[in-house]
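The values are calculated or read from the model by the stated rules, or taken from the named source; none is laboratory data. Computed from a prediction, not measured in an experiment: that's the story for all the values here. Cβ coordinates were reconstructed from backbone atoms using ideal geometry, including for glycine residues, and neighbour counts include every protein chain displayed.
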């Protein structure tokens, strides 16, 4: 049986985690599915798609129309993107780790709508969706 002191401590921790989770500076606003992004590429509703992988990874294949900005360079290149823009941005890397870092940089730069591509590049490639440089 958990004592009163332990219960209070657990409740406090749970409340703290709940309070910080939605505000995580690295978390994207939400995600976008592979099929939704594929359907929007080349349309007026197309978001700005940023590939945050390395140059070699990008050159070996990427989503059509994607802009290449490695996650390590993104904080210094926000001005190129129109920092503070309301434009919807989709970010992806190989499997998601670098996308979280990129989302944080974009948020700190004032971008309001940052979406993460579900499954990242590995899922896009596996699904057989259009690819440039493949």
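Condition check ((1) in contact (Cβ under 8 Å) with a residue 24 or more places away in the chain; (2) out of contact with any helix residue (DSSP H, G or I) (no Cβ under 7 Å at 6 or more places or on another chain); (3) closer than 18 Å to residue 32 by Cβ) across all residues:
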{"residue": "59", "(1), (2), (3)": "yes, yes, no"}
{"residue": "73", "(1), (2), (3)": "no, yes, no"}
{"residue": "89", "(1), (2), (3)": "yes, no, yes"}
{"residue": "96", "(1), (2), (3)": "yes, no, yes"}
{"residue": "102", "(1), (2), (3)": "yes, no, yes"}
{"residue": "107", "(1), (2), (3)": "yes, yes, yes"}
{"residue": "119", "(1), (2), (3)": "yes, no, yes"}
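Filtering the stretch 88-120 to residues that are farther than 13 Å from residue 52 by Cα and part of a loop (DSSP other than H, G, I, E, B) leaves 88, 109, 110, 111, 112, 113, 118, 119. In the stretch 1-77, which helices (runs of 4 or more DSSP H) lie fully inside it and hold 2 or more residues that are surrounded by 12 or more Cβ atoms within 10 Å (Cβ to Cβ) and at pLDDT 95 or above? Result: 34-40, 55-59.
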